[in-house]
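Below you'll find the structure, written out as structure tokens, and then a few comments.
The values are calculated or read from the model by the stated rules, or taken from the named source; none is laboratory data. Everything numeric in this text was worked out from a predicted model, so none of it was measured. Here Cβ is always computed from backbone atoms with ideal geometry, including for glycine, and neighbour counts include all displayed protein chains. The area values use the complete protein model at the heavy-atom level, side chains included, leaving out ligands, DNA and RNA. Shrake-Rupley method; radii C 1.70, N 1.55, O 1.52, S 1.80 Å.
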Amino acid sequence: MKDINIVIEICGSAGEGTISAGEILSRFMSGQGFEIMSFDSYPAEIRGFGKCVAHTRISSNPIYSPGKFVDVLISLNDKHSISQLGSLKESGVLIYDSQPARPHKEDESAVGWTKPGMVSYGIPLNMLAHKAAGNARGMNMVALGVIAALFHMEKDQFTDSIKARYGKKKQIVIDSNVNSFIEGYGWTKENIKKNDSYSFKGVNLPEQKEKLIINGNQLVARAALDSNLSFYAGYPITPATKIMEILSRELPKHGGTLLQTEDEISAIGAVVGAGFGGKRAMTATSGPGFALMTEFTGLSVMAEVPAVIINSQRGGPSTGIPTKTEQSDFNSAVSGGTGDCPRIVLAPTDTKSCYDAVVLALYLAEKYQTLVVVLMDFFLSNSIKNIDVPQKPLPEYLNANIAPGKDELKDYKRYKITKNGISPRAVPGTKGGIFFSTGLEHDEYGRPDYGEAGHLKMTRKRFKKFNAVLSEAPAPEISISGKNEFDIGVISWGSSAGAAHEAVMSAQKEGINASSFSSMMVSPFPQKALIEFSDKCKKILIPELNFSGQFAGFTSHILKRPVEKLNFITGRPMASEDIIQKMREM
Amino acid sequence: MENISSEYLDEKLETVRNIDFLQYRSKELPTWCPGCGYFGIVDALYRACRELNLKNEDIVTVSGIGCSGRTPVFINSYGFHTLHGRSIPVASGLKLAREDLTVFAVAGDGDALGIGGGHLPHVARKNINITFLLFDNSIYGLTKGQSSSTTPYEMKTNSHPAGNPDTPLNPVRLALSYGASFVARGYAGDPEGLKEIIKKATLHQGFSFVQILTPCVTFDKENRTWKNLKLKVTGLKLCVEGKNMETAMRIAEDEPHGVGIIYQDKDRPHYQEILRTINKAG
Ligand SMILES: Cc1ncc(C[n+]2csc(CCOP(=O)(O)OP(=O)(O)O)c2C)c(N)n1
Ligand code: SF4
Ligand SMILES: [Mg+2]
């Protein structure tokens, strides 16, 4: 029995079924018991013939990053695929159309650009598609047939996956897709002599569990529904739009209300309004919308009204790069806006933790009566993984408001100073609970109070509450514990954490003594655990997807020691390969 | 200053003792300048709440920032003093999440038509069931007398000492063209009349827009003064009842000081009703 870990890319033009082919492949492989992670890229323009890449990593072991280098590249369109060859491994496989509809000019054929050591298989993809269904549309399915044959995938079950995918379509659509697959499979078996070593036969697989094939945006919506969200307001923006679209379908079925607003100011305003009414409410956006929401983030903190904002980061600043992933809103999320404004920020580190982060966010916002920002990114929003079905939130996570008791209502102080800073909160409709809230500094009753002592007292109260949140922080993830000394400690956050963990695990095999640290809660930050970790490490490396090293700056301030930075703004997710490379150099 | 007889004062005091709308007044002493029109507005609001028999704890007053923003402090209801221009979004979210509450959104002319002007079209076309009270003194009060979106052309203000170069907006015309299902105008100097209007606005199922003509006695000595308002404000001359857009628009153009209900569409469902119907059908 053996392990497998392979990255397959299908590259074609928009409209050629590239992305659907990738989707069918990952669904099928997940059903076979493999771990999968896929991350597609497609042109920002809706129409046209831009380049599409379906990127799927398939492994018999847990996957933490999408993989930088490609084992198998399938070219449905050589013009686009040539630029993909740069990431094909030195011993990788190229599958290309040997009889394209229009013959290639000399330097336009992908195979002409392969390097020695690569294996290429020329398959008449276009011709076979015509043979199977009378047109070129089925080329993507022919390609799936080819890889199924080459890499020993189970043919009949694969066919079933294709049928399932097109199940609701007309019979003729199902038939032509299936026939194209079979055509590709049969032709390859008959005509191709396998020349590479990739094979899924005899792979050692972990025990099968029910798996969910899902992306971060879908998980956010699911977690919100499972957490009894009752109000959502939003304004469309890539890469967060899908969250609103899912909730617009699902939230009314759960008795909730969805409001598409005129802008993001209005969206967060409505969320704060619903929160004031005692209901669970949230919005989702990206950088430009998050910028607009800033004035309300301050109000949520000052007036102590629960609010949850999901910010799925994209390239910035300004309109930036809408369809590229980046981690450059750290500073803005943790400290953007005016005044001394402590707010909770959760940065999920992988697909699964998007669910956990949203459950925790809605709970913390309600209990601590404050703003919670969930900092995702384009990659987490859109990359697909197969994960274990998440456990629904425990009852105590669903009902967290601390309401005033009868005694407290006798002389109700909405902003009463308490030990942990949380003041019991009445919601409108409560007899005897009438209060006034304001974004102005105020006294314990909520009345405007500009006094020096009052401002200090209330600022302290808000920070006390903020610090109390730390007791609810999920334990930081540390790759290798139990050792007292490491040559390198990799500290990361958000979607880069997976790659950091993977890098550390691979580095072990090279004899590099390293560990990695990440915390889903980045504000307040579990500083004690961080310092403990750092004390064990001779050198610290902080990889992140922004130019200036925002998190590195934040961290070195806590650690009071120099750190090594590793920064990318390529628009691609963090790659473990790049981290290892850096570790080798350190 | 007029001469006020002691009998007159005694009589007034007696009525004050007997009125029961005081339950809607908070214990806080208003911080507005003596003589400010806003006293008349909250007075009308207290009376309307009394006559509608609203429970204090079921009312929420949401405001923006400005002198008008202080309103919730003086009302014995749940109150939320939000951000400059943002009473509409907050009130909308609150009402959609808590249909059981009566939600008043108040705003100054700067609040509603300047910084928050982008929200008005949408709350109107969605027909969200809140009552919106525009405290229109045609000046920025709190920041001490700069031009607002309803300051008359050429009027001298602290931001335009040579005269306001901007043409003012016409709030009623805007509300009508945005599709507000209830549009009215009231006068701070007539709390009884204003009370009737606020009552109808509150009972209206949908977005109700009430422009209230009110003076800023401190920063406007020439335009919307008590003296001018007393001269100009009248009942509506054109007769309207219910849904008559043509007449309503004529009032917007020709009767800038006409007070009364200008337009009401009782048939249009409010937002939650629409959502319920659409989501059931979808
Ligand atoms: C974002 C923002 N910009 C500016 C201000 C300063 N500001 C406070 S109130 C106000 C104008 C108030 O005028 P209006 O809305 O007409 O209310 P009024 O005071 O007349 O009742 C301004 C400009 C603020 N609070 N917030
Ligand atoms: S400044 Fe004008 S609007 Fe403000 S309280 Fe004084 S009179 Fe009223
Ligand atoms: Mg004003």
What percent does the relative contact order of chain A come to when contacts are Cα pairs within less than 8 Å and at least six residues apart? 11
Let's test the formula: R0 of 30 Å, r as the Cβ-Cβ distance of B:I278 and A:Y42. What FRET efficiency results, to the nearest 0.05? 0.40
Which three semi-axes in whole Å describe the equivalent ellipsoid of region A:279-363, each the square root of 5 times a Cα gyration tensor eigenvalue, listed largest first? 20, 17, 11
GNM on chain B, Cα springs under 10 Å; top mean-square fluctuation among B:K195, B:K221, B:K12 goes to B:K12
Pair A:L205, A:I402: separation of 7 Å Cα→Cβ label points (nm): 5.0
Can you pull the Kirkwood radius for region A:456-517, inverse mean 1/r over Cα pairs, to one decimal in Å? 13.8
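With a 1.4 Å probe, how much accessible area is buried between chains B and A, both sides summed, in Å² to the nearest hundred? Before the final figure, lay out each step's value.
Working: alone 13880 and 25470 Å², together 36460 Å².
In total, chains B and A hide about 2900 Å² from solvent.
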Could you give me the ³J(HN,Hα) list for region A:201-213, computed from phi with Karplus coefficients 6.51, -1.76, 1.60 and θ = phi - 60°, whole Hz, x at Gly and Pro? 6, x, 7, 7, 10, x, 4, 6, 10, 5, 10, 10, 9
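Which of the GluC sites (Glu not before Pro) found in region A:205-299 are loop residues per DSSP with 14 or fewer other Cβ atoms within 10 Å of their Cβ? Working shown, then result.
Values: sites: A:E207, A:E210, A:E245, A:E250, A:E262, A:E264, A:E295; in loops: A:E207, A:E210, A:E262.
Of the GluC sites (Glu not before Pro), the ones in loops of region A:205-299 whose Cβ has at most 14 other Cβ atoms within 10 Å are A:E207, A:E210.
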Could you work out how far apart the two model spin labels at B:L22 and B:C239 are, taking each label as a point 7 Å from the Cα in the direction of the beta carbon, and quote it in nm? 4.3
Measuring from a point 7 Å past the Cα of B:D254 along Cα-to-C-beta, which residues in region B:221-238 have an amide N at less than 14 Å? B:236-238
log₁₀ of I(q)/I(0) at q = 0.26 Å⁻¹ - region A:406-472, Debye sum with one point per alpha carbon: -1.15
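Let me confirm one metric for peptide A:435-447, namely the mean number of other chain beta-carbon atoms within 10 Å of its residues' beta-carbons. Walk me through the numbers on the way to the answer.
On the way: counts 4, 14, 7, 10, 8, 5, 0, 1, 0, 0, 2, 5, 4.
Across the residues of A:435-447, the mean count of other-chain Cβ atoms within 10 Å is 5.
Please report the carbon-and-sulfur percent of the accessible area for chain A; probe 1.4 Å, protein heavy atoms only, DNA, RNA and ligands left out. Before the final figure, lay out each step's value.
Numbers: 12210 of 24050 Å².
Percent of accessible area from carbon and sulfur atoms in chain A: 51.
Considering only DSSP beta bridges where both residues belong to region A:213-397, give the percentage that are antiparallel (nearest 5).
On the way: 4 of 24 bridges.
If we restrict to bridges inside region A:213-397, about 15 percent are antiparallel.
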Provide, for q = 0.20 Å⁻¹, the log10 of I(q)/I(0) from a solvent-free Debye sum over equal Cα point scatterers in region A:213-397. -1.46
Compute the accessible area of each residue in region B:56-76 twice, once for its chain alone and once with every protein chain present, using a 1.4 Å probe on heavy atoms, and list those whose area falls by at least 30 Å². B:E57, B:R70, B:V73
Pairs to check: A:K410/A:K457; A:K324/A:K565; A:K352/B:K280; A:K367/B:K95; A:K242/A:K539; A:K131/A:K324. Give those whose C-alpha atoms are more than 30 Å from each other in this structure. A:K352/B:K280; A:K242/A:K539; A:K131/A:K324
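Provide the net charge surrounding B:N244, with neighbours chosen by a C-beta distance below 12 Å and charges set as Lys +1, Arg +1, Asp -1, Glu -1.
Numbers: positive: B:K243, B:R250; negative: B:E241, B:E246, B:D265.
After counting each charged neighbour, the total is -1.
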Long-range amide H partners of A:S516, meaning residues 5 or more apart or on another chain whose placed amide H is closer than 5 Å, are A:S479, A:I480, A:V490
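Among DSSP bridges having both ends in chain B, what percentage is antiparallel? Round to the nearest 5. Walk me through the numbers on the way to the answer.
Working: 6 of 34 bridges.
Taking every DSSP beta bridge within chain B, about 20 percent pair in antiparallel fashion.
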How much accessible area does A:K79 have with a 1.4 Å probe, in Å² rounded to the nearest 10? 150
Taking 51 Å as R0, compute the FRET efficiency from the Cβ-Cβ separation of A:E190 and A:S335 and round it to 0.05. 0.20
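Cα-Cα pairs above 30 Å in chain B: how many percent? Intermediate values should be presented prior to the final figure.
Values: 10612 of 39621 pairs.
The answer is 27 percent, as a whole percent.
Quick one: accessible area per residue over chain B, 1.4 Å probe, rounded to a whole number of Å²?
Values: 12400 Å² over 282 residues.
Per residue, chain B has an accessible area of 44 Å².
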Per-residue HN-Hα couplings for region A:491-498 [Karplus 6.51, -1.76, 1.60; θ = phi - 60°; Hz; x = Gly/Pro]: 10, 9, 8, x, 5, 7, 5, x
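In square nanometres, what is one fourth of the surface area of the convex hull spanned by the alpha carbons of the protein assembly as shown? Please list the in-between numbers first.
Values: hull surface 174.3 nm².
Its average projected convex-hull area is 43.6 nm².
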